[in-house]
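Structure first, commentary second.
The values are calculated or read from the model by the stated rules, or taken from the named source; none is laboratory data. Just so it is clear, the model here is predicted, and its values are computed rather than measured. Using ideal geometry, Cβ is built from the backbone for each residue, glycine included, and neighbour counts are taken over all protein chains shown. Please note that ligands, DNA and RNA were not included when accessible areas were found on the heavy atoms of the full protein model with its side chains. Shrake-Rupley method; radii C 1.70, N 1.55, O 1.52, S 1.80 Å.
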Amino acid sequence: MQLAMIQDKLIPMEELDPVYLDRGIFFGDGVYEVVRSYDGKVFALQEHLERFANSLAAIRITNVDIGRIRAQVEKAFATAAIADAKIYFHITRGSGPRDHAFSADLQPNFFLTVTELPDDTEDKTKGVALSTHPDLRWKRCDIKSLNLLPNVLARQDAADKGCAEAILVNESGFITEGSHSAFFAVFGHPPDKEKGVWGPLKQALQTAPLNANVLPSITRKYVIKAGEEIGLDIVEESLTPQQVRHADELFIAVTTRDIVPVVKFDDAVIGDGTPGAQTKLLARRFHEFTK
Ligand code: PDD
């Protein structure tokens, strides 16, 4: 008799709910997205759907209608009637007997949640601490895959140290991104003649370039746009933890939290230990995009 056991209950294989045979559980064989709304309006849905389509194509899930996904997201969001919502959805390759190889006729499984997303005002006002962690992920981090174990372990390591995010450092000693966020530094404080402080006329906003080592963050795209609009030089070059310790400002950027200022990086205090002026300006500009 072929059977399964769920907790302590034995179930004949033919009676097992296919949800237990989801390839997402066996292999993390699927991709996901996180979208949010501000004040009743979903932000950047088109960009998230395009990235979702790219992730699906990259893992060879071909039989998904993105127009239908958009309709499902919109229907769920309208039904939930939550003004500031987090919308999570994923598609796995489907359910079937555990076999690494997959057949093209599997039916993808779709799952979505709409939940409340309160603003983390305290973190934004005070700034957060980050800790570095080796980047133990695979070589296609541009795919928003359900395989998140290295991200989970890094994030927990940061939490154990009282930090809000783990900043991942690759084998070459360069920062890629956060466990679940993009990472930015601001360099070059402006000159202040009255105080006799030297500095360049233009400050630079720096983040890692987009390649297979990082997720093409949607928030990153809008932060860069905001940076250009407030007159910052945009530098898409990888940073080392050593460089970052001497940054004037740091922040993380992610759909669920938009821009969160960073005031501590491992044991280094950043700037004067409070959220930086450019970070605040960027956050203000960013919020205009969400309206
Ligand atoms: N995380 N980098 C990684 C590894 C991420 O997981 C995320 C998003 C980002 C930021 O991407 P975006 O700006 O498009 O949200 C960068 C999501 C929200 C999550 O896993 O919950």
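Assorted remarks:
- Residue among V254, V128, V223 farthest towards the positive dipole end of the chain, charges placed on Cβ: V223
- Peptide ranges 219-225, 117-123 listed from the most packed, as the mean C-beta count within 10 angstrom indicates: 219-225, 117-123
- Cα principal axis extents for segment 48-98, largest first, Å: 38, 25, 16
- Fraction of the pair-distance distribution of segment 1-137 above 18 Å, Cα-Cα pairs, percent: 66 percent
- Segment 161-224, accessible area per residue, ligands and nucleic acids excluded (1.4 Å, Å²): 47 Å²
- Helix-derived mean residue ellipticity, 222 nm - over the chain, DSSP H n ≥ 4, -39500 (n - 2.57), to 500: -8500 deg cm²/dmol
- Grouping the Cα pair distances of segment 174-266 into 5 Å bins from zero gives a pair-distance distribution of 3, 13, 24, 25, 19, 9, 4, 2, 1, 0 percent in increasing distance order.
- Surface share of carbon and sulfur [accessible, 1.4 angstrom probe, percent] for segment 110-244: 56 percent
- Whole-Å distance, taken between Cα centres, linking segment 160-206 and segment 64-79: 37 Å
- Peptides 207-217, 191-201, 12-22, 125-135 ranked from most to least packed by the mean count of surrounding Cβ atoms within 10 Å: 125-135, 207-217, 12-22, 191-201.
- Over segment 1-62, the ratio between the Cα radius of gyration and 2.2 N^0.38 Å evaluates to 1.69.
- Relative to its Kirkwood radius, the Cα radius of gyration of the chain gives an Rg/Rh of 1.03.
- The heavy atoms of K75 offer some 150 square angstrom of accessible surface to a 1.4 angstrom probe.
- Listed values for segment 183-195 are Karplus-derived 3J(HN,Hα) couplings in whole Hz (6.51 cos²θ - 1.76 cosθ + 1.60, θ = phi - 60°), namely 10, 10, 10, 10, 10, x, 5, x, x, 9, 4, 4, 8, and x replaces Gly and Pro.
- Karplus-based coupling profile of segment 204-221, in residue order and whole Hz: 10, 9, 10, 8, 5, x, 7, 8, 5, 7, 9, 6, x, 5, 6, 4, 3, 4, with θ = phi - 60° in 6.51 cos²θ - 1.76 cosθ + 1.60 and x standing for Gly or Pro.
- Karplus-based coupling profile of segment 50-61, in residue order and whole Hz: 5, 5, 4, 4, 5, 5, 4, 4, 5, 9, 6, 9, with θ = phi - 60° in 6.51 cos²θ - 1.76 cosθ + 1.60 and x standing for Gly or Pro.
- Long-range amide H partners of D266 with built H, under 5 Å: L130, S131, T132
- Heavy-atom accessible area per residue - segment 1-42, 1.4 Å, Å²: 63 Å²
- Fraction of beta bridges assigned by DSSP in segment 63-208 that are antiparallel (%, nearest 5): 75 percent
- Rounded to the nearest 20, the Cβ-based charge dipole of segment 105-193 about its Cα centre (Lys and Arg +1, Asp and Glu -1) stands at 240 debye.
- Point-charge dipole on Cβ atoms (K/R +1, D/E -1) for the chain, about Cα centre, debye to 20: 420 debye
- Too-long pairs where the Cα-Cα distance tops 19 Å, listed order kept, from K86/K126; K221/K280; K126/K280; K144/K291; K124/K280: K86/K126; K144/K291
- Only Lys, Arg, Asp and Glu carry charge here, each on its Cβ (+1 for the first two, -1 for the last two); on that basis segment 170-291 has a dipole of about 400 debye about its Cα centre.
- Taking amide H positions as modeled 1.01 Å from N, with prolines and chain starts lacking one, the residues under 5 Å from L250 and 5 or more places away or on another chain are V186, V262, G276.
- Gyration tensor analysis over the Cα atoms of segment 101-180 returns equivalent ellipsoid semi-axes of 28, 21, 10 Å (largest first, whole Å).
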